[in-house]
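Scroll down for the structure; my scribbles are underneath it.
The values are calculated or read from the model by the stated rules, or taken from the named source; none is laboratory data. Keep in mind the model is a prediction, meaning the values are calculated, not measured. Because the Cβ atoms are built from the backbone with ideal geometry, glycine has one as well, and the counts that use them run over all protein chains shown.
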Amino acid sequence: MKIRKLWMAAALAAAFGAGCQSVDTTSGGTVGVERQQRMMVSAAEVNSGAEKAYAQMMAEAKKKGALDRDAAQVARVRAITQRLVAQTPTFRPDAKSWPWEVHVISVDEVNAWCMPHGKMAMYTGLLSKLQATDDEVAAVMGHEISHALREHSREQMSRQMGTQLGIGIVGALLGVGELGQSIAGTVADVTLNLPKSRTAETEADRMGVELAARAGFDPRAAVTLWQKMEKLGSSQPPKFLSTHPSHEDRIRDLQEYAARVLPLYQAARGGGAAAGR
Ligand SMILES: [Zn+2]
C-alpha cells in the first residue's frame, strides 16, 4: 500500500517535472539582464488568459464611458508606446509579432500596466497627477513592457504553483486544475494586483531605460519619474507603488543604467552611426 502510494507520487512528480522548464525569456541587451526562469505554466495558456481578461476590462471601461475619452491623449500615449514596441526585438525577436495594444482609461489613479503578450493600459491619473513628460511616460511604459517581455507574470504564477507543490503533490495538481479554469482571472490578478519581486523590478527598470533610450527618449527621465512617484507617495500612495514596490537602491541603480544607455539615446536622437546597435 505504502509502496503503491510512493510509486504514484513519483509518477506525478515525473509528470510535473516534464511540465517545468528553465528558460531565458529575453537576451541581455546593453543592460545585460540575464537570469534563468523556471516556468510551470505554458506561455500559450497565460497569453490567452491575458487576452480574455484584457478584452473584458476594456469592454467594462467602455461601458462606463472611461475608454479613450480624450483623442489627443490617446494619440500621445499610442505614439510613445509604438516607438518603444518597435525596439522590443532587441530583447526578443518574437515580440515583433505580439498583438500589442494600448488604451487610455479615465480613472483618477496613478497606474499603468502591460499584461502578458503586450496588452497595455495607461490611467489618466498617472498623466495628470505626475504631470508626466513624454520621456517619463516612456519610462513607465518601457518598464511595463519589460515586465511583459520577461514574462514576469508567468514566472510569478509558476512560483505560486511551485509553492503548492511543496505542500503536497496532489494539492498541486488540484491547484493546476483550478488555475486552468480561472486562468484569465489569475493573469489579471498577478499583473494588476500583486506586488512584483525586487528582482523583477530591477530587471524591468534596466530593460525599460534601454527601450526608452533606443526609442529616442531620455532614459534619465526614469529617475525623475520615480522621484515624482515617491513624493506623491507620502500624501496619496499611488496604486502603481503597491504593485511595483520601490526599494532604496532603485534611484541609484536607475541613474547608473540610464548613464550606461545614454549613448543609445544620443545615437537615436542624432541618427548617428551607432543607432540601433
Ligand atoms: Zn514594475
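Details
- The test for being among the aliphatic types (A, V, I, L, M) and more than 16 Å from the ligand (Cβ to nearest atom) holds for residue 161.
- Counted residues, the range 33-50 - those being out of contact with any helix residue (DSSP H, G or I) (no Cβ under 8 Å at 6 or more places or on another chain) and under 23 Å from residue 208 (Cα atoms): 3
- Residue within the range 142-151 that is more than 15 Å from the ligand (Cβ to nearest atom), charged (D, E, K, R) and touching a Lys or Arg at 6+ places or on another chain (Cβ under 9 Å) present: no
- The set of residues from the range 39-67 being free of Cβ contacts under 8 Å to residues at least 60 places away in the same chain and crowded, with 19+ Cβ neighbours inside 10 Å comprises just one member, 61.
- Restricting attention to the range 18-48, the residues that are in a helix (DSSP H, G or I), more than 15 Å from the chain's Cα centre (by Cα) and closer than 21 Å to residue 88 by Cβ total 2.
- Any hit, the range 72-83, residues being within 15 Å of the chain's Cα centre (by Cα), modelled with pLDDT of 95 or more and buried (at least 19 other Cβ atoms within 10 Å of the Cβ): yes
For every residue, the table says whether it meets (1) crowded, with 19+ Cβ neighbours inside 10 Å; (2) modelled with pLDDT of 95 or more; (3) farther than 18 Å from residue 26 by Cβ; (4) in contact with a Gly (Cβ under 9 Å, 6 or more places away or on another chain).
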site	(1), (2), (3), (4)
70	no, yes, yes, no
87	yes, yes, no, yes
122	yes, yes, yes, no
126	yes, yes, yes, no
142	yes, yes, no, yes
182	no, no, yes, yes
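- Selected residue (criterion: farthest from the ligand (Cβ to nearest atom)) from residues of the range 180-192 that are β-branched (Val, Ile, Thr) and farther than 21 Å from residue 84 by Cα: 183
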